[in-house]
Ligand SMILES: *Cc1c(COP(=O)(O)O)cnc(C)c1O
């Protein structure tokens, strides 16, 4: 992110949409092509290969012209049989909303909750799974509202002891900033959208999906239409999508994936952790507190407890005059917290510039 800030450019330190580099924005201006022709198939196949690297999978990654919410609906609908239940791990606004999506699709959904700001613990989950069969467990890896990263690796190991229980993972605000080994962890659905840690404009969503899911989907008679995994599979095998996709954004995705792979995924994850640590250091030095539980801080977004009771609106006005913006709290945390995103293509130097500006504000406040 080295481009100088123009007067019309406010650099986004918000957890989505995130900063998109100029050349990635421009990749969307490629001439239009038909989505049933050879050029599209070549583009789709090229993107598919790179998505599989990013998702650490040999299986497929579906491309959906929707935001991530659409793939929540897809996962809930395709993976849970009518006479069985889905367990949602709920510890923030986004995990609560996915739980609502399952119920809105007529699924028998239960919640396993933790207080907002705290992580769900593998032992809690183990207890629930021992007591009751679930067709699937739905996990929001990175709760964008609270800044908590749930312990996915440990939870996946617990769930994998139950071969009929699918593992559905929302990685919307973290995939691209943290390693999620789909095949290694034995996950079943891993979904994200373009506009967060992938640093692309909004408009597409991606989901890695296991063979187990396709077997399950065959046992669910009403899977809906637009998000039917069986249909998506049929078309994916021909390098197509069932309906007209966002072709412009696929061009940008193709280019952005090149950039991500050239940086190196491990290097990218390390950069995120470095920016997250710098943010945590700033929080302590500036006299605030972390809202998230110690040991479970997110690598991509920090939710700061506003212990100094600063006026976040005034802070953002100050920042905006300097070409930057952060985010207020989400939902019921709107007034008690504020959020700093450190994901996508932001660089440690961008974070330093932000901290300097915030310190300047605090000194005069
Ligand atoms: C932003 C977000 C969503 C919603 O994604 P959309 O792409 O806006 O539909 C879901 N889950 C998490 C964790 C998010 O941060």
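Each value in this text was obtained by applying a stated rule to the coordinates, not by laboratory testing. Small disclaimer: the values here were computed from a predicted structure and weren't measured. Glycine gets a Cβ as well: all are built from the backbone with ideal geometry, and neighbour counts include every protein chain shown.
Things worth noting here:
- The range 78-119 and the range 254-300 have Cα centres lying 27 Å from one another.
- For 336, 67, the sequence from fewest to most other C-beta atoms within 10 Å is 336, 67.
- For the range 126-232, the fraction of C-alpha pairs more than 17 angstrom apart is 57%.
- Three-way shape call for the chain based on the alpha-carbon gyration tensor, with the a/c threshold at 1.5: oblate
- The alpha-carbon atoms of the range 234-365 define a convex hull whose volume equals 175 cubic angstrom per residue.
- Taking the inverse of the mean reciprocal distance over all distinct Cα pairs, the Kirkwood hydrodynamic radius of the range 12-86 comes to 15.8 Å.
- Unit Cα scatterers, Debye sum, the range 290-347: log10 I(q)/I(0) for q = 0.22, 0.25 Å⁻¹: -0.94, -1.11
- Calculated over the range 50-205: convex hull of Cα atoms, volume per residue (Å³): 101 Å³
- Taking label points 7 Å from Cα along the Cα-to-Cβ direction, residue 111 and residue 307 give a separation of 2.8 nm.
- Length released on extending from residue 128 to residue 183, taking residue separation times 0.36 nm less the Cα-Cα span: 17.3 nm
- For the pair residue 314 and residue 23, label points projected 7 Å from Cα toward Cβ lie 4.2 nm apart.
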